[in-house]
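Student: Below is the structure I would like to discuss, written out as structure tokens.
The values are calculated or read from the model by the stated rules, or taken from the named source; none is laboratory data. Note that this is a predicted model, so its numbers are computed, not measured. FYI the Cβ positions are ideal-geometry reconstructions off the backbone, even for glycines, and counts take in every protein chain you see. In case anyone asks, the SASA skips ligands and DNA or RNA and just uses the protein heavy atoms, side chains included. Shrake-Rupley method; radii C 1.70, N 1.55, O 1.52, S 1.80 Å.
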Amino acid sequence: MDIELTIFSHVGPSNNPFWTETPHYSYIDWNHPDQESWYRGLDVPNSWRVGDELYIGLRFHTKNDVQMAVKHYSMNAHQTFVVVESGQRVFSVKCPNSNEGCPWKLRAIMSSKLNNKWVIKKWGGTHTCINPMLSQDHNKLDSEFICCCILGMVREDASISISLIQERISGQFNYKVSYRKAWKAKQKAIERVYGDWSDSYDLLPRWLDRMVECCPGSVYKLETTEYVSNNIVDPNFRQFRRVFWTFKPACDAFNYTKPIIQIDGTFLYGKYRGTLLIATTQDGNARVLPLAFAIVEGETLSDWSWFLSNIRRYVTRKQGICLISDRHQSIKSAVANAQGWQPPQAYHVYCIRHIASNFNHRFKNTKLKEELINIGYTTNKHRFERRLERFREVSPEICRWIDGISLEKWAIAHDEEGRRYGHMTTNLSEAVNKVLKGARNLPITALVKCTYARLVEYFIQRLGQANADLALGKRYCQKLMDAMETNQQEATSHFVRRYDYESTRFEVEEIFNAVTQRGGKVFNVFLNERKCECGAFQAYRYPCSHAIAACAHVRIDPLTFVDAAYTNEYIKAAYSGQWFPLGSEENIQPTNGPRIVPDETMIRTKGRPKSTRIRNEMDWTESQRRQRCGHCRREGHNRTNCPVLAEDVFNNA
């Protein structure tokens, strides 16, 4: 199908950039202290609560409110009911044991005398029967009812786990619900709070247009495809394919942060499958700053190439950027083919944790995996070479594998220009993924709104902190000063020799500590070049303990050799971008263009839905139990392919 770039206009957020709420019975959080607000203005006693006995004259706003009240009462009473009559103006139920004499019944009607409110006209009193159908589940405890019970929880945290929902329902009603039913209830709750899943796709371009209008310089790119129904192209619809967006203040901030970009992808958790791509950087005070986002079908070559091209076109054209990612083949190919991501415009390096994960997947050796990570973090080049050589000597296969990856891609000792700023992993992007975990449960427009609101919050808080630090005369950020203090303490035990009159070349010896058996090493320091043989000076872009000792020897302020990204002036400049409120949806005019619809092939299938990303050995901890063979109790295989069991069978044959 042909793909075209489509730009629409309409619909921004309400006064709250996250969502709008409707005061309605169906939106009650049953345990929330404000849940009784629905009853204000109704002719009911103040002591009456949801789940109490119903009675004649009790009024409700809608028929659905009557149904929810009857269900809630039945749950508390551990009873059930059957519907006798259900119409536009009447709702009547009775006890299944009414033929055996149980008087419980209810009839409610919509009264025109009460402004079309629903009122209970008949009430048969409490149950006199005992329900013989008691079980772990209740036939009225459906996903719609559970949805009403958890709305408050979902509003507060859209990433709430399904197990907590199950626990909540079990604790409140003493009934157990299946994972699937709880998951469906959560999706319905999200839809009620944040809007319809399908409608959100049509809302997206109009909200993004409003964002661009209110926050000039921000950019989004939306791609759609033709909508085909019954083998006929329908011009009234366009099918969503992917969307990219970035905010002008975040783009401007990148001029004052570390010149590094980490990219990563993570799954969406909602009704429709998809992948959220994120580009992230970090300021001098070690705080994460998202730069750009995209929602795509998956981590394919086409999607990564499109994402990286948009970053170069709309986010930054800075030269010498360090791009950090995992070794995903699609990312490697996209970087190789996308314009602006090869040296000297950019330098692509790998996350050491993913390198180690790939190694462990290939060779199944956890100890060597940890050693590989330690080698990657080794800043001193001579020590790095010795450790790497021992690693290569383990086996010819390991030697060939590690030699197949360029050293400058994964070893900080070979980051001679300090482009990484000490960043060896994609933890920044993964941290943003964790922050946005709740948003990844939301409809697409609500997710985009969330990124806007979160960044506004980040900028306000961090600019305030930078201004406060500058007012106190703090030139450098706190993280830098903490690191410098640690290095300063180590520098007091160093012995320094100067080798030139201009005070640029030094030899620094670490005093040997007989207790710790550490020290005694000698390193050359070149202040003008901002280098030390230990490798830390150039790797982290601020003086190591040896450089600080050299500065102290000739009475030079070591802070003069700190990179500008660590200054509070840079941090203030990074977060000085202007954000604007997006106003109410009423201020936005609708458009007459084609309606954007989701790709229905991306809807989640039946079965237990996945709520977390795919995990591998990189997510394991040493304390977690590994799968063991049921016969020999060794790790790495099961009883089916156990070599010990096969040998025993052979010997006993």
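Student: Given axes a ≥ b ≥ c from the Cα gyration tensor, I'd like to know whether the stretch 478-566 is rounded (a/c under 1.5), prolate (a/b larger than b/c) or oblate. Let's see the in-between values first.
Tutor: Details: a/c = 1.78, a/b = 1.16, b/c = 1.54.
Oblate is the answer for the stretch 478-566, as a/c is 1.5 or above yet b/c matches or exceeds a/b.
Student: I've got another one for you. Using only alpha carbon pairs under 8 Å that are at least six residues apart, calculate the relative contact order of the stretch 478-566 and give it in whole percent.
Tutor: Details: 133 pairs, mean separation 22.2, N = 89.
Normalised by residue count, the contact order of the stretch 478-566 is 25 percent.
Student: Carbon and sulfur: what percent of the stretch 478-566's accessible surface (1.4 Å probe)?
Tutor: About 49 percent, which is the carbon plus sulfur part of the accessible surface.
Student: Taking θ = phi - 60°, what integer Hz values does the Karplus form 6.51 cos²θ - 1.76 cosθ + 1.60 yield along the stretch 158-174, in sequence order, with x for Gly and Pro?
Tutor: 5, 8, 3, 6, 5, 5, 5, 5, 4, 5, 5, 5, 4, x, 7, 10, 6
Student: Something else about it: Ordered by packing density, taken as the mean number of other Cβ atoms within 10 Å over each peptide's residues, highest first, how do 571-580, 465-474 rank? Could the numbers behind the result be given before it?
Tutor: Working: 571-580: 19.0, 465-474: 13.9.
Listed from highest to lowest mean packing, they are 571-580, 465-474.
Student: Alpha carbon centre of the stretch 381-427 versus the stretch 273-335: separation in Å?
Tutor: Cα centres, the stretch 381-427 to the stretch 273-335: 24 Å.
Student: Given a 1.4 Å probe, how much area per residue of the stretch 96-205 is accessible, in Å²?
Tutor: Dividing the accessible area of the stretch 96-205 by its residue count gives 47 Å².
Student: Which residues' amide hydrogens lie under 5 Å from the amide hydrogen of Ala292, considering only partners 5 or more residues apart or on another chain, with H built in the peptide plane?
Tutor: Here the answer is Ala279, since their amide H atoms fall under 5 Å of that of Ala292.
Student: Hey, any idea what % of the stretch 352-418's accessible area is carbon plus sulfur with a 1.4 Å probe? Mind dumping the intermediate values first?
Tutor: Values: 1600 of 3510 Å².
The value for the stretch 352-418 is 45 percent carbon and sulfur by accessible area.
Student: Sorting check: for 529-536, 110-117, which peptide has the highest mean count of neighbouring beta carbons within 10 Å, and how do the rest follow? Numbers along the way, then the final one.
Tutor: Working: 529-536: 20.0, 110-117: 12.2.
Top of the packing list down: 529-536, 110-117.
Student: Which value, in Å² and to the nearest 10, is the accessible area of Trp118 when all protein chains are kept and the probe is 1.4 Å?
Tutor: 10 Å²
Student: Something else: Which value, in Å², gives the accessible area per residue of the stretch 467-516 when a 1.4 Å probe is used on the protein heavy atoms?
Tutor: Working: 3430 Å² over 50 residues.
Dividing the accessible area of the stretch 467-516 by its residue count gives 69 Å².
Student: A follow-up question, please. What is the percent carbon and sulfur in the accessible area of the stretch 143-194, measuring with a 1.4 Å probe over the protein chains and ignoring ligands? Show your work: numbers first, answer last.
Tutor: Working: 870 of 1880 Å².
Here it works out to 46 percent.
Student: Where does each of 139-151, 72-84 land if you order them by average Cβ count within 10 Å, highest first? Walk me through the numbers before you get to the answer.
Tutor: Numbers: 139-151: 19.7, 72-84: 17.6.
Ranked by mean Cβ neighbours within 10 Å, highest first: 139-151, 72-84.
Student: Which whole-Hz ³J(HN,Hα) couplings does the stretch 442-455 yield from phi under the Karplus relation 6.51 cos²θ - 1.76 cosθ + 1.60, θ = phi - 60°, glycine and proline marked x?
Tutor: Per residue, the Karplus-derived 3J(HN,Hα) values read 9, x, 4, 5, 4, 4, 5, 4, 4, 4, 5, 5, 5, 5 Hz.
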